[in-house]
């Protein structure tokens, strides 16, 4: 149980870090320069690949298990599941815009800014509410059997960005994250 919760906290911290990096790229618009669209695409691709395909499905199993044990918060847990779908949809919309831009299409800056802002704000709020409303209750109420169901909800595999062996397609993003961390110290 503790390992699963620690992993969630760590993943949420990684996701916030990526959202901050994405936000910095959107802010580049206001300097009159061109953001790093490939970096933005890599961030959204990772969040779609890992968060939407691994992290959120595990959380969804935990929500269902917790709803059975704590019926008073079932509506909150249902909303968290809905938010996963909204985040995935917003991410797909942003990913499509970035792919269009990288493919040479002219996309109004306002469209990209709105899509990025929607994604960033919604996702940040979702993480904050999960940390506030879900994690401590899950720690108290879920059993070892529940945690095993959560763990086995998605086949085991390493994190393609933050794991010990990042996938080739995310190596540049990982380098950028390290550069960002070094510049903040």
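Computed on the chain, with alpha-carbon pairs under 8 angstrom and 6+ residues apart, the relative contact order is 32 percent.
Dividing the summed -39500 (n - 2.57) terms of all DSSP H runs of n ≥ 4 by the residue count of the chain sets its mean residue ellipticity at 222 nm at -24000 deg cm²/dmol. If you take all C-alpha pairs in region 104-174, what percent of them are over 22 Å apart? Percentage above 22 Å: 59.
Between helix 56-69 and the chain there is an angle of about 30 degrees, using the helix long axis and the longest principal axis of the Cα atoms. Measure nothing but the geometry: give the 0 to 90° angle between the long axis through the Cα atoms of 74-102 and the longest principal axis through the Cα atoms of the chain, rounded to 10°. The answer is roughly 20 degrees. Derived from the Cα gyration tensor, the three semi-axes of the equivalent ellipsoid of region 1-106 are 32, 15, 12 Å, largest first. Against the chain, whose longest principal axis comes from its Cα atoms, helix 109-133 is set at around 20 degrees.
Multiplying the sequence separation of residue 3 and residue 75 by 0.36 nm and subtracting their Cα-Cα distance, what value in nm do you get? Mind dumping the intermediate values first?
On the way: separation 72, 0.36 × 72 = 25.92 nm, distance 2.64 nm.
Stretched out fully, the residue 3 to residue 75 stretch lengthens by 23.3 nm.
Just 128, 156, 67 to compare: in a GNM of the chain, with alpha carbon springs under 10 Å, which one fluctuates most? In the Gaussian network model the winner is 156.
Can you put 59, 167 in order, fewest other beta carbons within 10 Å first? Let's see the in-between values first.
Details: 59 24, 167 16.
Ascending number of Cβ neighbours within 10 Å: 167, 59.
Values (1) 11.3; (2) 13.2; (3) 15.0 are given for comparison; mean projected area of the Cα convex hull in nm², derived from the coordinates here, is the one labelled (1). Residue order for 93, 136, 51, fewest other beta carbons within 10 angstrom first, comes to 136, 93, 51. Length gained on full extension, residue 139 to residue 178, computed as 0.36 nm times the residue gap minus the Cα-Cα distance: 10.9 nm.
Shown for 106, 120: other C-beta atoms within 10 Å of each C-beta, ranked fewest to most, produce the order 106, 120.
Values quoted throughout were computed directly from the atomic coordinates according to the rules given, and no laboratory measurement underlies them. Note that the coordinates shown come from a computational prediction; the quantities given were computed from them, not determined experimentally. A quick note on method: Cβ atoms are made from the backbone with ideal geometry, for glycine too, and the neighbour counts reach across all protein chains shown.
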